[in-house]
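Have a look at the structure below, then the notes.
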Amino acid sequence: MLAKDQLGRRGEATAAEFLERAGLRIVDRNWRCSSGEIDLVAVDGTTLVIVEVKTRSSEDFGHPLEAITAGKLERLYLLASKWARAHHSRFTGFRVDAVSVLDDGTGHPKIDHLRAVI
Amino acid sequence: MALGRTYSVSLVGLNGHIVEVEADIGQTLPAFVLLGLPDASLNEAKDRIRAAARNAGVPLSRRKITVNLIPASLPKRGSGFDLAIVMAAWAAAGDVRGCAATVFLAELGLDGQLRPVRGVLPAVMAAVRAGHPRVMVAEGNRAEAALVPNAEIRGFSSLAEVALAFGADASKVQLPPPGDTACAEPLEPGPVPRFVRDMADIAGQAEARFAVEVAAAGAHHLMMVGPPGAGKTMLAERLPGILPDLTDEHAMEVTAIHSLGSERSCSELRRRPPFESPHHTATAAAIIGGGSGIPRPGAASRAHRGVLFLDEAPEYERRVLEALREPLESGTLVLHRSAGTASYPARFQLILALNPCPCGLANGKGIDCTCTAQQRRRYFSRLSGPLLDRVDLQLAVQRVALHDYVGGAAAESTTAVALRVARARQAQAVRLAPWGYSTNSDVQGKILREELRLPRSVTGSLDRALDRNLVSARGWDRTLRVAWTVADLQGHSQPDADDVGMALSLRLQERAA
């Protein structure tokens, strides 16, 4: 596994832990289909939450949240309905959250959680 | 607090409008939105600001920053809003405090240095008038901004210093290393050599010298007609030297126009009347102002409170000359363009110089002249009657005689003439104070005919000229204004018949020749 993929995996695990502590229930990880991948799927009450996790080891190439583009958000919007259809689940609503993880390897990652970015 | 507020100034022509800069931080993905009719250079501020803030050690919030410039309907342009926007964004994030009642005027470099901007003087004047005397500017603009009375000015050379002054966390702020501020040094124009062309250089020409003195004393417009080499240009160039220094108020106006048009920041008020001599190929836009977007001041406005000298006047395009008629009457130029309307002051003293005919030799008996009568008429007809009617002094300049030119008596110097002019101006100011005027050329004809009316015995020659249609009604008023100036120069308390006769001859001389 490449170092960047390892970092990504570690970041997603950190984010999942963080979200569970915040009261969300993680129901799926790294769900893939022909149009892309969802990092984390969570449920907040009766709301479906699609979570995009961005992990960086430093801010040298910009803040992780800055890497989430309009195109990516559009794709996540589409993936949300695909996931719900694939799992025959019904929700009162859905939202997309973004989580940034700044993990410089010292064991104290900095986490930033933004709710409802679209 | 997720809302920050600062102030800046948007200039439309010479008029500054206070602009409120609001910044809001929304809890969503990083973005920077600038609202309120920014132009292209102002929209670039978004990227300049992000880099400058990071290099100052206090990066902008990693959220959506929405900046609104109020009033939103007023088009805003230029880079002078950079500092106000970054301070509002920092205030919204809680990084700085106490900037809500402060005006910021500076452009940012990517490294966080503050760069001077154009037009700081009129902008600060507008801020003070609008009740916002606290203004922060780039160090390079500090001297210029400090010229405005009652303004509390502070100059900074880097964004980091501004952040510290407004309570940013000192442990985070990264001050640029000293010595790295070379390009933020104030752009000192250096000592301006007060090079004055001296009246003593002019040999002979006693009559022309007197006419120039009268023009200076009463701020009268002057036309000089003479053959090439007679010294018309020399005379015109020496006129600014004998004009008195500008008053505080006038100096402020002149400096403000200069500040708009100049790349350099000015550090002191321009006390000397400006002298503009545009080339005769100049377009109407170059003379009266113009350009794309908000129109910029032209030579006529840059000559405000000074001298606009048109050498070879008939060679100018007709529409250029005609365009000068309105400012000659009203003292302002209002320019309309699609992007907005700008009004610039243009109360200049017009000096026209021309040859008596296209070949230039038709003086005296005109024996050497090779022009046909028609050519001569066409040459003169380019200066329209309505324009000439506004010129109080119309002078024929002869070639200098040999005995004056070689070994003639030493001519009077600029210093001596300027002293007489200053005394005459003083006398006018005292006499005209009740009506709010300062020079004879401003006085309304009605006042000359009523309150300042002269006895019939004094104005007899002028009245006869009006009867015989040698002067128009406006010409009658204008001749009287010159007569008052002649009297002021001689130290008379009011014109006598000789002064009126002299004024009439100065006005009609060219036509007689």
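Over 28 Å between Cα atoms: which of A:K4/B:K172; A:K54/B:K46; A:K82/B:K46; A:K72/A:K110; A:K54/B:K172; A:K54/A:K82 fall into that group?
A:K4/B:K172; A:K82/B:K46
For a quick check: sort B:S330, B:S301, B:S79 by the number of other beta carbons within 10 angstrom, fewest at the front.
Final ranking by Cβ density, sparse to dense: B:S330, B:S79, B:S301.
How many angstrom separate the Cα center of region B:235-314 from the Cα center of region B:430-507?
Centre-to-centre distance over Cα atoms comes out at 29 Å.
So, in nm, how far is label A:H63 from label B:Q374 when the simple model puts each one 7 Å beyond its Cα toward the Cβ?
Going from the A:H63 label point to the B:Q374 one covers 8.0 nm.
Please give me, ordered by residue number, the trypsin sites (Lys or Arg not before Pro) of region B:425-459 that lie in loop per DSSP and have at most 13 other Cβ atoms within 10 Å.
Loop-located and lightly packed - B:R453.
Averaged across the residues of A:54-63, what count of C-beta atoms belonging to other chains lies within 10 Å of each residue's C-beta?
Shielding by partners across A:54-63 averages 1.
Can you compute log10 of I(q)/I(0) for region A:70-109 with the Debye formula, treating each Cα as one identical point scatterer, at q = 0.20, 0.25, 0.29 Å⁻¹?
After summing over all Cα pairs, the log10 values are -0.71, -0.85, -1.01.
Find the eigenvalues of the gyration tensor of the Cα atoms of the protein assembly as shown, then list the square roots of 5 times those eigenvalues as equivalent ellipsoid semi-axes, largest first, in whole angstrom.
Ellipsoid semi-axes (Å, largest first): 73, 24, 21.
Given +1 on the Cβ of Lys and Arg, -1 on the Cβ of Asp and Glu, and no further charges, what dipole in debye does region A:3-114 carry about its Cα centre, rounded to the nearest 20?
Using Cβ point charges on Lys, Arg, Asp and Glu, region A:3-114 gives about 480 debye.
Based on other C-beta atoms within 10 Å, arrange B:M87, B:M125 from fewest to most.
If I rank by nearby Cβ atoms, fewest first, I get B:M125, B:M87.
If one puts a single equal scatterer on every Cα of region B:1-60 and applies the Debye formula without solvent, what log₁₀ I(q)/I(0) results at q = 0.18 Å⁻¹?
Log10 of I(q)/I(0), two decimals: -0.82.
List every residue whose amide H lies under 5 Å from the amide H of B:V307, counting only residues 5 or more places away in sequence or on a different chain, with H placed 1.01 Å from N in the peptide plane.
B:F275, B:E276, B:Q349
Which Cα, out of B:A84, B:A473, B:V148, lies furthest along the positive dipole direction of chain B (beta carbon charges, K/R +1, D/E -1)?
Farthest towards the positive pole: B:A473.
What residue among B:P314, B:A303, B:P278 has its Cα farthest toward the positive end of the dipole of region B:253-352, where the charges are +1 on Lys, Arg and -1 on Asp, Glu, each on the Cβ?
Comparing the listed Cα positions along the dipole, B:A303 ranks first.
I'd like the GluC sites (Glu not before Pro) in region B:1-89 restricted to DSSP loop residues with at most 14 other Cβ atoms within 10 Å, sorted by number.
B:E44
Where nothing but the Cβ of Lys and Arg (+1) and of Asp and Glu (-1) is charged, how large is the charge dipole of region B:390-513 around its Cα centre, in debye to the nearest 20?
300
By counting other Cβ atoms within 10 Å of each Cβ, how are B:H279, B:H132 ranked from fewest to most?
Ranking B:H279, B:H132 by Cβ neighbours within 10 Å, fewest first, gives B:H279, B:H132.
On the Cα set of region B:346-454, report Rg and Dmax in Å, please.
Rg and Dmax of region B:346-454, Cα atoms, are 19.6, 54 Å.
Give me the Kirkwood hydrodynamic radius of region B:88-184, using the inverse of the mean 1/r over all pairs of distinct Cα atoms, in Å to one decimal.
13.8
Report the one residue of A:S35, A:S89, A:G11 whose Cα lies farthest in the direction of the positive end of the charge dipole of chain A (charges on C-beta: Lys and Arg +1, Asp and Glu -1; origin at the Cα centre).
Going by the Cα projections, it comes out as A:S89.
Nearest 20 debye, what's the magnitude of the dipole of the protein assembly as shown about its Cα centre given +1 on Lys and Arg Cβ and -1 on Asp and Glu Cβ?
I would put it at about 1300 debye.
What is the Cα convex hull volume of chain B when expressed per residue in Å³?
That works out to 165 Å³ per residue.
Could you work out the relative contact order of region A:3-114, using alpha carbon pairs under 8 angstrom and six or more residues apart, expressed as a whole percent?
For region A:3-114, the relative contact order is 27 percent.
Using a cut-off of 14 Å between beta-carbons, work out the net charge of the residues near A:S81 (Lys and Arg +1, Asp and Glu -1, A:S81 not included).
Overall, the nearby charge balance is +4.
Along the principal axes of its C-alpha atoms, what lengths does region A:3-114 span, in descending order and rounded to whole Å?
Here the Cα extents, ordered largest to smallest, are 41, 29, 21 Å.
Run through region A:12-86 and list the chymotrypsin sites (Phe, Trp or Tyr not before Pro) located in a DSSP loop whose Cβ has at most 10 other Cβ atoms within 10 Å.
A:F61
Where a number appears in this text, it was derived from the coordinates with a stated rule and is not lab data. For clarity, every value in this text was computed on a predicted model and none was experimentally measured. Ideal geometry is used to build each Cβ from the backbone, glycine not excepted, and the neighbour counts take in all protein chains shown.
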